[in-house]
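S.K.: My questions all concern the structure below.
Read the figures in this text as sums done on the coordinates, not as results from a lab. What you see is a predicted model, and the numbers here were worked out from it, not measured in a lab.
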Amino acid sequence: MPLGEDPTKGIKIGTGLPDLVKRQLETCLKENVELFAWSAAEMPESTKKSHVTSWP
């Protein structure tokens, strides 16, 4: 499913979801597409630092 105006930026939604849930999820994602970072370069510096996870 493409998001926004750039056809290279899209997502896949699982086929096991009920139709209503799938439509609601698609609507929510399309309405909030500006919140997605498609690469680390698109993330604000403060966000990059706050989401670093280290594994033991």
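S.K.: What's the extension gain from residue 24 to residue 11 if we count 0.36 nm per residue and subtract their Cα-Cα distance?
M.R.: Length gained between residue 24 and residue 11: 3.2 nm.
S.K.: Could you pull out every residue, at least 5 positions away or on a different chain, whose amide H is within less than 5 Å of the one on residue 3? Hs are placed 1.01 Å off N in the peptide plane, and Pro or chain starts have none.
M.R.: Hits under the 5 Å cutoff: 9, 10, 11.
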